[in-house]
Amino acid sequence: MGYRIDNAQMNDILARLAEDYRIFAPAWDRQKKNVRFCHVTMVEQIVLDRQTDFSTKEIYYPISQVMMRFSTDHIEDEELTDDRGILIFARACDINALGRLDRIFYDNGNPDYYYARLREKVKLALIECTEGFENCFCVSLGTNKAENYAMAVRFEEGSVLVKADDEDLAVYFSGEEEPFEPEFVQENRKRLTVPDINKENLRTIGKSEYWQQFDERCIGCGGCNTVCPTCSCFDTTDILMGEDSLEGERRRIWSSCMIPTFTETAGGTRFRKSQGENMRFKVFHKFYDFKARFGEAHMCVGCGRCDMRCPKDISFFDTVNDLNKEIPEQNND
Ligand code: SF4
Ligand code: SF4
């Protein structure tokens, strides 16, 4: 069962929810001049007619996060400043992407404390998505559908259909009952043939000249990683308060496998020396390593944001799709 709630009523509900939750949804960030997951207080702020430039990950895995503060004689964890939960209105692809990050941060040894303490606050409100956007290829990856959500919404002209299964959220909703089950996009404009990269052909594909095209084309800006909801690499950096200071803070800051220095170690050795090698790593990570490690699905959820972001018009979709042509050729060698 669901409810039909007019926008004015829904805004009242959002105001009540905001006492217990920080609420995020796709909205215009006027300062940064893009659509991202912003704090919202009203239905009218929510942007539905274009895809967000950034994903939900910056909410529970911030781009720059203080982990601890230190001085000569003590270390102190950075406390979270807001006790409220986090409610995120997001589409199925981003809900699935959160599941991918969960695998990475929870299931690689000990759960990651800094991720977990924000992640555990998150409740997801599924935004029904039946059309998709220009660059989406979620259907090819099965990420067009999601089940792991606390409530679902369909935004219509002047009103919202809501289904709130989560008992913590259900108490906020009442009114005119109307059956509502969210529907999911069935076909995208782009259809990906997922390349069959496996243990047997991995080495051969890795040695292909295919990757060399990116040596010149890719400028290693890392923008594709920044917008990706499933990229999780970070650096940790100690920042001292002054030149002679022994007081400071340890931060973790997003990193990127596409920046040229990503694999550089002390002494200057670089394990991946070209942008072609970096692209090969990224494709293998998204379409082989993750599934080999966790066994359920590929890491990429087909949101297409990396294609929107790339300043050199490199399409990750095309890169992965075209790789299919290389596989039989390589196998026939
Ligand atoms: S389409 Fe690009 S941005 Fe989206 S999940 Fe896949 S690799 Fe990441
Ligand atoms: S956004 Fe484009 S140019 Fe920048 S690192 Fe990614 S593929 Fe290379």
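The values are calculated or read from the model by the stated rules, or taken from the named source; none is laboratory data. The model shown is predicted, which means the values in this text are computed figures rather than measured ones. Every residue, glycine as well, gets a Cβ built from its backbone with ideal geometry; the counts of neighbours run over all protein chains shown. Accessible surface areas use protein heavy atoms only, side chains included; no ligands, DNA or RNA. Shrake-Rupley method; radii C 1.70, N 1.55, O 1.52, S 1.80 Å.
Annotation note: of Gln186, Gln212, the sole residue that is touching a residue at least 24 places away in the same chain (Cβ under 8 Å), out of contact with any His (no Cβ under 9 Å at 6 or more places or on another chain), of a type outside the set (A, V, I, L, M) and exposed (fewer than 12 other Cβ atoms within 10 Å of the Cβ) is Gln186. Among the numbered conditions (1) open to solvent by less than 80 Å² (accessible area, probe 1.4 Å); (2) closer than 30 Å to Cys310 by Cβ, the only one that Gly158 does not meet is (2).
Residues in the stretch 274-296 that are away from ligand 1 (no atom under 16 Å from the Cβ) and surrounded by fewer than 13 Cβ atoms within 10 Å (Cβ to Cβ): 2 in all.
I need the full set of residues from the stretch 225-267 which are of a type in the set (Val, Ile, Thr), within 16 Å of ligand 2 (Cβ to nearest atom) and either free of Cβ contacts under 8 Å to residues at least 24 places away in the same chain or open to solvent by 60 Å² or more (accessible area, probe 1.4 Å) (or both), in order please.
Within the stretch 225-267, Thr261, Thr263 meet the criteria.
Scan the stretch 1-16 for residues that are part of a helix (DSSP H, G or I), over 13 Å from Phe89 (Cα atoms) and of a type in the set (A, V, I, L, M, F, W, C) and the total you get is 4.
Inside the stretch 69-142, counting only helices (runs of 4 or more DSSP H) that do not spill past its ends, which hold 1 or more residues that are among the aliphatic types (A, V, I, L, M) and surrounded by fewer than 18 Cβ atoms within 10 Å (Cβ to Cβ)?
Fully inside the stretch 69-142 and qualifying: 113-119.
In this structure, Val66 does not qualify as without any contact (Cβ under 8 Å) to a residue 24 or more places away in the chain and either out of contact with any helix residue (DSSP H, G or I) (no Cβ under 8 Å at 6 or more places or on another chain) or hydrophobic (A, V, I, L, M, F, W, C) (or both). The combined condition, being loosely packed, with under 14 Cβ neighbours inside 10 Å and either more than 16 Å from ligand 2 (Cβ to nearest atom) or within 25 Å of Cys303 (Cα to Cα) (or both), is fulfilled by Asn198.
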